[in-house]
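As structure tokens, the structure follows; a few thoughts come after it.
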Amino acid sequence: MEQNEIRLDFNFMMKEQIGEDSGIDPGDIDFHSDAVKAIHEELTSKRKSGELPFFDLPYQDTSRIKSIAKDISNSFDNFLLIGIGGSALGPLSIHNALHPPFYNQLPAGNGKGRPRLYFLDNVDPDETTALLEVLDLKKTVIVVITKSGGTAETIASFLVLKEAIKKATGKIDPSQVIAITDPDKGDLLKIAKQNGYRTLEIPSGVGGRFSVLTPVGLLSAAVSGINIDEMLAGAGLMDKRCSNQDIWQNPAYMKGTLEYMFHTRQGRNISVMMAYSEALGSIIEWFVQLWAESLGKKYGIDGRTIFTGQTPVKAIGATDQHSQLQLYMEGPHDKTITFLRVNKFNTTVTIPEDFTDMEEISYLGGHTLNELILAEQKATEVVLARTGRPSCRIDIPAITPSVIGQLFYLFEVQTAFAGGLYKINPFDQPGVEEGKKLTFGMMGRKGFEEKRREVEGIGKDSRFVI
Ligand code: PA5
């Protein structure tokens, strides 16, 4: 095990630790070995045939991303990323994990003359207006990301920003817009070609929520000085571990199997991820999309109706110990909990010795916030285990680009593998697509009139509005 590797500790999911009723028997994990082998072989053969290109993203050539990033850093003060779902959550999570809080308030971004980073991943008019008020549009590069090329929210925000820049500067310089999209098709690609915008590719077979290690996540990271090679190397490290057919050596297969068993055998249909770190909050949001959209499915691959999927929930320790934890300790037995524990923070904060005559306060003096947050994590997992509540933890040596790459890759393989256990397609999202079509209809896009009628045809009864 290398020093900067993350580890999966699932002690408190096992029956030896948390009891017969709630824990998993190691023998039952072995019972799944035929399924594990079959899914492993299917994923490996699809990887070989190029059907699942997300697997090979750690080994891509990043020279064009770096060269565009360098050019952006030299030319602009602000970097505005426009995207939604998989086209925004990945880059946001890298930013929040690897940059200090209040990054944009530091002089010139991170103080090394790099652009400030802004993310627009919603179409809330007040947020957009507020953003336009603070951005110096002449010095802003707009990076529009949409895999499909036509997502209404992303295109709408792009049109608003484009118009605002035109108003502010008289014209748009093509170098001010970068499009990240499918290499062969879609409206954004067409627009980019027509207007001479630079483009970066999301490989055709890589879907939105599996695209964080493409230019989707890597461009903003490189622009802001994050070592993207180290991040990809971390993903590669995890690839080695997750290519092992032996479930006892493969953290992605083990985690996917445990969640699947808790869900299907014990009805634990909620999967809470709780980070004892503010920096990792956005990675949980990214994971929530990955787990929810990949596994939440009406149909199995055999066409049967199954309505499956675990509901992922985000929590932050220690804050949510004072909010959600009561439910996790004493509420229904319908959850698993995954802790993200950071063993070494970037800084150390010592709690001053004060009020030395008050025992209730003075015990804290001389300790550090680092000790306190780690103690809280440990206490929470122990107290949950004592009441038969299964949890596991991912031990993170420190938050580095390598670790972030490892986490992305681990969760992606875990999700792809879990799709095999549930016998569903984890790479499609028919529900999301239907929502997009209904939006097109409501906004009057040609060809989607029927969708508009579907929405407008649903009447509401005034008795039920009070
Ligand atoms: O994972 C997915 O495919 C989706 O969640 C997309 O990321 C999201 O809908 C945005 O799509 P697009 O990148 O095509 O604009």
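The values are calculated or read from the model by the stated rules, or taken from the named source; none is laboratory data. No experiment lies behind these values; they were computed from the predicted model shown. Cβ coordinates were reconstructed from backbone atoms using ideal geometry, including for glycine residues, and neighbour counts include every protein chain displayed.
Output the number of residues of region 387-409 satisfying the condition of being in contact with a helix residue (DSSP H, G or I) (Cβ under 8 Å, 6 or more places away or on another chain) and either among the charged types (D, E, K, R) or surrounded by fewer than 23 Cβ atoms within 10 Å (Cβ to Cβ) (or both). The qualifying residues number 9. Annotation for region 95-116: no member residue is within 16 Å of the ligand (Cβ to nearest atom), buried (at least 22 other Cβ atoms within 10 Å of the Cβ) and not assigned by TED's automatic domain parsing to the domain that holds Ile283. Within region 50-67, does at least one residue satisfy the condition of being under 27 Å from Gly388 (Cβ atoms), in a helix (DSSP H, G or I) and out of contact with any Asp or Glu (no Cβ under 6 Å at 6 or more places or on another chain)? No, the conditions are met nowhere in region 50-67. Residue check: is Glu278 within 16 Å of the ligand (Cβ to nearest atom), closer than 26 Å to Ile82 by Cα, touching a residue at least 24 places away in the same chain (Cβ under 8 Å) and in contact with a helix residue (DSSP H, G or I) (Cβ under 9 Å, 6 or more places away or on another chain)? Taking the combined requirement at face value, the residue does not satisfy it.
Taking the stated definitions as given, is Phe355 assigned to a strand (DSSP E or B) and farther than 25 Å from Val206 by Cα? In short, no. Selection over region 434-466 of residues that are within 35 Å of the chain's Cα centre (by Cα), part of a helix (DSSP H, G or I) and exposed (fewer than 10 other Cβ atoms within 10 Å of the Cβ) gives a count of 1. Counting residues in region 201-220 that are buried (at least 17 other Cβ atoms within 10 Å of the Cβ), over 17 Å from the mean Cα position of the chain (by Cα) and hydrophobic (A, V, I, L, M, F, W, C) gives zero.
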